[in-house]
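Student: My questions all concern the structure below.
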Amino acid sequence: MFDLISLSHMQNTTDSTRFNMITFLSTLLILASFFLGSLWTKVQFLEKTNVQAAVPVKKEVNNPPSDAIAAVPPPVIKATKKPEITTDDHIRGNINAKVALVEYSDLECPFCKRFHPTMQQVIKDYGDSVKWVYRHFPLSFHANAQKEAEATECAAKLGGNDAFWRYVDAILERTTSNGTGFTLDKLVPLSKELGLNEIKFKACLDSGEFAQKVKDQIASGSAEGVTGTPGTIIIDAKGDTQLIPGALPFEQIKPMIESAISN
């Protein structure tokens, strides 16, 4: 009898130990699963964060420098190809000046709008020493820029170089930028406001007569090293070039211009 009782007790003890062991292992497994799950979630989050950080964010081209770095001289970047100025170009200033600033611009670019008064100041301060050549470089994500560029060419066709510049000035003064800041239905009324023949202007604009010219200037700018707007190439008297990277303030481009004049 004793042996049977002892055997039964030992069996119960073994069963209890086995149960406790199973319970312990189950708990350990649950804790391990929770830990591994948390670790995996953290790894996934870090990987996602790293991938997002690696993907470039599309933003407006050529942000202007902040005031904190406005005094830092810009790097000297030469054009990949010297622009050839022709009688087909629109020039403001002294057409015989040896120093030229060839600006590739987008009429819906906010930085072009900001840079325009800077270029006007250049012409005012340097007089006959420089000439400003305006060329088109409408960006694909600015919906109205291509047609607005064509409109300036229609203004030039009907009113000459002066009408071209007055039309450019008016759009850049009035647009709120970013693609559709100056609505297309205002292009024809603006021509009338500036004293152009409204009917002939509309016919020119609707025909797309100057669409290819605008596209050709985009191609020329790209070949010369322009990658965004505003993209301006300074040509000195020797024919050497320097690219102004974006909408730099007047104080920053002043020494670049003076260096070009002194060469």
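Student: Does any residue of the stretch 234-249 turn out to be in contact (Cβ under 8 Å) with a residue 40 or more places away in the chain, among the acidic types (Asp, Glu), closer than 23 Å to Val122 by Cβ and in a helix (DSSP H, G or I)?
Tutor: Among the residues of the stretch 234-249, not one is in contact (Cβ under 8 Å) with a residue 40 or more places away in the chain, among the acidic types (Asp, Glu), closer than 23 Å to Val122 by Cβ and in a helix (DSSP H, G or I), which makes the answer no.
Student: Going through the stretch 180-203 one residue at a time, which ones are open to solvent by less than 40 Å² (accessible area, probe 1.4 Å), within 20 Å of Phe137 (Cα to Cα) and not small (Gly, Ala, Ser)?
Tutor: Answer for the stretch 180-203, where residues must be open to solvent by less than 40 Å² (accessible area, probe 1.4 Å), within 20 Å of Phe137 (Cα to Cα) and not small (Gly, Ala, Ser): Phe182, Leu187.
Student: With the requirement that a residue be surrounded by 15 or more Cβ atoms within 10 Å (Cβ to Cβ), charged (D, E, K, R) and farther than 21 Å from Asp89 by Cβ, what does the stretch 220-263 give you?
Tutor: Lys254
Student: Which pairs turn up if I take residues in the stretch 195-209 that are in contact (Cβ under 8 Å) with a residue 24 or more places away in the chain and look for partners that are open to solvent by 80 Å² or more (accessible area, probe 1.4 Å) with beta carbon separation below 7 Å, at least 6 apart in sequence or on another chain?
Tutor: Once the first residue is in contact (Cβ under 8 Å) with a residue 24 or more places away in the chain and sits in the stretch 195-209, its partners that are open to solvent by 80 Å² or more (accessible area, probe 1.4 Å) give Cys204/Lys157.
Student: On to the next question. For the stretch 99-131, name all the residues that are farther than 18 Å from Tyr167 by Cα, open to solvent by less than 10 Å² (accessible area, probe 1.4 Å) and in a helix (DSSP H, G or I).
Tutor: The one that is farther than 18 Å from Tyr167 by Cα, open to solvent by less than 10 Å² (accessible area, probe 1.4 Å) and in a helix (DSSP H, G or I): Val122.
Student: Scan the stretch 143-151 and tell me whether some residue there is in a strand (DSSP E or B), touching a Gly at 6+ places or on another chain (Cβ under 7 Å), in contact (Cβ under 8 Å) with a residue 40 or more places away in the chain and on the phi < 0 side of the Ramachandran plot.
Tutor: Scanning the stretch 143-151 turns up no residue that is in a strand (DSSP E or B), touching a Gly at 6+ places or on another chain (Cβ under 7 Å), in contact (Cβ under 8 Å) with a residue 40 or more places away in the chain and on the phi < 0 side of the Ramachandran plot.
The values are calculated or read from the model by the stated rules, or taken from the named source; none is laboratory data. What you see is a predicted model, and the numbers here were worked out from it, not measured in a lab. Cβ coordinates were reconstructed from backbone atoms using ideal geometry, including for glycine residues, and neighbour counts include every protein chain displayed. Ligands, DNA and RNA are excluded from the accessible area calculation, which covers all protein heavy atoms including side chains. Shrake-Rupley method; radii C 1.70, N 1.55, O 1.52, S 1.80 Å.
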